[in-house]
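Encoded as structure tokens, the structure appears first; notes follow it.
What follows is calculated from the coordinates using simple rules that are stated; it is not laboratory data. Keep in mind that this is a model prediction, so the values were computed, not measured. Please note: Cβ atoms are built from the backbone with ideal geometry, for glycine as well, and neighbour counts cover all protein chains shown.
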Amino acid sequence: MENREIPNGWRETTFGEIVDLKTGRLNSNAADEGGQYPFFTCSPTTFKINDYAFDTEALLLAGNNANAIYTLKYYKGKFNAYQRTYVITIPNDKIADYKYLYYRLNLKLNYLKDISQGSATKFLTVVILREMELTLPPYEEQVAIGQVLSSLDEKIELLEEENKTLETLAQTIFTEWFVNFNFPGATGEMEDSELGEIPKGWRVGKLDTVSKILAGGDKPENISTIKTDKFSIPIYSNGVSEYGLFGYTDSAKIFEESITVSARGTIGYVCLR
């Protein structure tokens with residue numbers, strides 16, 4: 001163990017001292033789409049299966065991945081597991097709390113990525129996991145921490161579901177208004193155009209007649225470490241996501257309100273900014 005100060009009442013330990021490590025016995029193709037029980041593999045997706053080998057509370061950790069991105073999940077109940085998925089249980093439930101350990105282990109995933117073995121496919125050995133060092137607060141504090149973080153995750157999941165519902169609703173309205181032309185105030189009067197029938201009074205035109213179409217510049221080198229004394233702007237790459245808030249550089253192209261459309265990578269991804 002490292003010689004370092006820890007909060008009063010906390011203790012240093014290893015993962016192997018507080019958990020039991022097992023693996024499933026099945027091949028990854030054992031899933032059944034209409035199955036009754038969860039089937040955990042090394043995939044981020046949880047599949048289904050018709051029989052179970054475990055009936056317990058557990059953490060499920062992927063044991064291998066080509067890019068060493070190991071999926072971690074929590075589950076309580078009946079389930080089955082792939083032969084390279086670790087089923088992690090706590091034999092003494094007054095030493096460690098499952099929810100706390102889930103979040104603590106999540107913080108260790110990058111560490112596990114760095115020390116995993118293999119070349120074409122990265123993998124985690126039992127020895128790696130058992131020797132991993134942890135600091136643990138008293139059990140009661142673990143429970144309290146786990147409950148707070150779990151509650152936040154539930155709220156985030158609820159908001160994500162609400163967002164999906166709103167996105168579906170927006171797509172439905174858009175289709176009804178601009179594909180079926182059943183928009184508020186529609187008279188039903190149509191006229192021919194080179195694209196087919198369109199509402200009377202509408203026109204067909206090219207995008208560059210109502211907007212400016214510009215290309216962005218190259219991302220600055222060392223994009224994650226840019227510092228600035230000016231102001232920060234989001235940088236979009238291929239439309240997929242924004243690269244946080246980064247410093248303004250003299251060579252950057254600055255856009256205010258705009259729509260970005262990815263031309264490479266995830267082609268056609270649209271983002272309104």
task: Taking the convex hull of the Cα atoms, report for the range 38-195 its projected area averaged over all directions, in nm².
output: 16.1 nm²
message: If packing is taken as the average count of other Cβ atoms within 10 Å, what order do 200-209, 125-134 fall into, highest mean first?
response: 125-134, 200-209
- prompt: Which listed residue (170, 142, 152) has the Cα farthest towards the positive end of the charge dipole for the range 140-188, taking +1 on Lys and Arg C-beta and -1 on Asp and Glu C-beta about the Cα centre?
  reply: 170
statement: Projected onto their principal axes, the Cα atoms of the range 1-101 stretch, largest extent first, over whole-Å spans of 51, 31, 18
message: Report, to one decimal in Å, the Kirkwood hydrodynamic radius for the range 78-169 based on all distinct Cα pairs.
response: 16.0 Å
message: As an exercise, use a Förster radius of 30 Å and the Cβ-Cβ distance of residue 183 and residue 215 to find the FRET efficiency, rounded to the nearest 0.05.
response: 0.35
- request: State the extension gain, in nm to one decimal, for the chain segment bounded by residue 172 and residue 121, taking 0.36 nm per residue of separation less the distance between their alpha-carbons.
  value: 14.1 nm
- prompt: For the range 47-125, what Kirkwood radius comes out of the mean inverse Cα-Cα distance, in Å?
  reply: 13.5 Å
- prompt: Taking the simple approach of a point 7 Å from Cα along Cα-to-Cβ for both residue 18 and residue 206, what is their distance in nm?
  reply: 6.5 nm
